[in-house]
């Protein structure tokens with residue numbers, strides 16, 4: 001159901017923090033033209049904690065109208081409250097989405113049984129397929145493979161974005177995942193090896209700035225073309241890392257501004273990329289662009 005290069009898309013903003021809907025349309029067109037297979041709206045990279053419900057719905061409505069089913073449309077729907085998450089997925093039903101990305105509850109640190117009950121309640125309420133989202137580095141809770149194995153048996157739970165950050169964890173999930181359950185990487189630096197191991201794609205930050213490069217990389221890895229995938233990923237390796245020199249989405253929004261795709265807008269408590277780190281991100285971006293240009297010239 002979900003595969004290839006899906007982008008955890010940023011929410012473009014004006015310098016005063018208001019959502020920039022004209023830039024939003026430009027970003028959607030960029031992904032439509034460059035092989036992105038799906039977009040996640042209002043996820044971590046989209047600054048979900050600071051988006052209002054009305055802003056999230058407006059972004060999704062515009063994406064549905066502009067993309068017209070040409071790529072998978074997924075909404076970030078998770079929160080730290082089960083009741084709030086259930087209410088949100090019920091409201092989102094009106095938008096006829098392709099999927100709902102539901103992150104593990106942060107801060108309250110539930111047990112594995114609490115995580116199971118949380119997702120079970122969300123799945124009962126949802127009308128679109130649920131993608132579990134495990135990112136322990138941000139939430140301080142780890143959705144363990146044994147719990148995922150229980151959850152995948154529930155109707156409506158169809159995939160996981162695994163951002164624990166190791167290929168070993170991906171392999172643990174693949175050991176019991178069936179054909180109806182998609183394992184997706186949520187970690188750009190290990191996405192290549194994850195897909196070569198059997199994952200079906202990535203929900204990517206890097207795809208924000210170089211969508212064609214990520215879609216080409218994922219296509220090669222999904223065809224098990226190891227040599228080509230390693231070559232393509234090598235051109236992006238420094239960028240994968242540079243986009244996390246400060247908390248996501250600070251570096252990726254700065255890179256998009258460098259590419260003149262968005263304005264200098266981000267919401268507190270996040271701030272614009274620190275001045276000393278900008279040369280590192282700029283250098284990684286230019287190196288990735290140069291590698292792609294050389295690849296295209298040789299083709």
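The values are calculated or read from the model by the stated rules, or taken from the named source; none is laboratory data. This one's a predicted model, so the numbers in the text were calculated from it and none came from an experiment. Every residue, glycine among them, receives a Cβ derived from its backbone with ideal geometry; neighbour counts consider all protein chains shown.
Give 132, 51, 71, 30 a once-over and let me know the one that is closer than 24 Å to residue 187 by Cα and buried (at least 23 other Cβ atoms within 10 Å of the Cβ). Working first, answer last.
Details: 51 fails: buried (at least 23 other Cβ atoms within 10 Å of the Cβ); 71 fails: buried (at least 23 other Cβ atoms within 10 Å of the Cβ); 30 fails: buried (at least 23 other Cβ atoms within 10 Å of the Cβ).
Testing whether each residue is closer than 24 Å to residue 187 by Cα and buried (at least 23 other Cβ atoms within 10 Å of the Cβ) leaves just 132.
Which is in contact (Cβ under 8 Å) with a residue 60 or more places away in the chain, farther than 29 Å from residue 282 by Cβ and in contact with a helix residue (DSSP H, G or I) (Cβ under 7 Å, 6 or more places away or on another chain), of 214, 218, 222? Write out each step before concluding.
Numbers: 214 fails: farther than 29 Å from residue 282 by Cβ; 218 fails: farther than 29 Å from residue 282 by Cβ.
Being in contact (Cβ under 8 Å) with a residue 60 or more places away in the chain, farther than 29 Å from residue 282 by Cβ and in contact with a helix residue (DSSP H, G or I) (Cβ under 7 Å, 6 or more places away or on another chain) holds for just one of 214, 218, 222, which is 222.
Identify all residues within the stretch 13-51 that are in a loop (DSSP other than H, G, I, E, B) and either within 19 Å of residue 214 (Cβ to Cβ) or touching a strand residue (DSSP E or B) at 6+ places or on another chain (Cβ under 6 Å) (or both); write none if there are none. Show your work before the answer.
As a first pass, look at the stretch 13-51 and keep what is in a loop (DSSP other than H, G, I, E, B): 14-18, 20, 33-37, 42-47, 51.
Scanning the stretch 13-51 gives 20, 33, 34, 35, 36, 37, 42, 43, 44, 45, 46.
So, of the residues in the stretch 186-202 that are more than 17 Å from residue 232 (Cα to Cα) and either free of Cβ contacts under 8 Å to residues at least 24 places away in the same chain or crowded, with 24+ Cβ neighbours inside 10 Å (or both), which turns out to be farthest from the chain's Cα centre (by Cα)?
199
Looking at the structure I just gave you, is residue 219 part of a helix (DSSP H, G or I), at pLDDT 95 or above, under 18 Å from residue 7 (Cβ atoms) and within 16 Å of the chain's Cα centre (by Cα)?
Working: part of a helix (DSSP H, G or I): yes; at pLDDT 95 or above: yes; under 18 Å from residue 7 (Cβ atoms): yes; within 16 Å of the chain's Cα centre (by Cα): no.
No; evaluated as a whole, the condition is false for this residue.
Considering the stretch 58-106 alone, what residues qualify as being under 13 Å from residue 6 (Cβ atoms), in contact with a helix residue (DSSP H, G or I) (Cβ under 8 Å, 6 or more places away or on another chain) and assigned to a loop (DSSP other than H, G, I, E, B)?
71
Taking the stretch 243-262, which residues are surrounded by fewer than 23 Cβ atoms within 10 Å (Cβ to Cβ) and either more than 21 Å from the chain's Cα centre (by Cα) or part of a helix (DSSP H, G or I) (or both)?
So in the stretch 243-262, the residues surrounded by fewer than 23 Cβ atoms within 10 Å (Cβ to Cβ) come out as 244-248, 250, 256-261.
Those that are surrounded by fewer than 23 Cβ atoms within 10 Å (Cβ to Cβ) and either more than 21 Å from the chain's Cα centre (by Cα) or part of a helix (DSSP H, G or I) (or both): 250, 256, 257, 258, 260.
How many residues, within the stretch 267-299, are assigned to a loop (DSSP other than H, G, I, E, B), modelled with pLDDT under 95 and in contact with a helix residue (DSSP H, G or I) (Cβ under 9 Å, 6 or more places away or on another chain)? Even if it seems obvious, please write down each step before you answer.
Of all residues in the stretch 267-299, those assigned to a loop (DSSP other than H, G, I, E, B) come to 267-274, 299.
The next check asks that each one be modelled with pLDDT under 95; those that pass are 299.
Applying the additional criterion that residues be in contact with a helix residue (DSSP H, G or I) (Cβ under 9 Å, 6 or more places away or on another chain) yields none.
Total satisfying the criteria: 0.
Taking the stretch 223-239, which residues are closer than 14 Å to residue 205 by Cβ and surrounded by 21 or more Cβ atoms within 10 Å (Cβ to Cβ)?
Scanning the stretch 223-239 gives 236, 239.
Could you tell me whether any residue of the stretch 166-181 is closer than 16 Å to residue 7 by Cα, surrounded by 23 or more Cβ atoms within 10 Å (Cβ to Cβ) and within 20 Å of the chain's Cα centre (by Cα)?
Of the stretch 166-181, the ones closer than 16 Å to residue 7 by Cα are none.
Taking every residue of the stretch 166-181 in turn, none turns out to be closer than 16 Å to residue 7 by Cα, surrounded by 23 or more Cβ atoms within 10 Å (Cβ to Cβ) and within 20 Å of the chain's Cα centre (by Cα).
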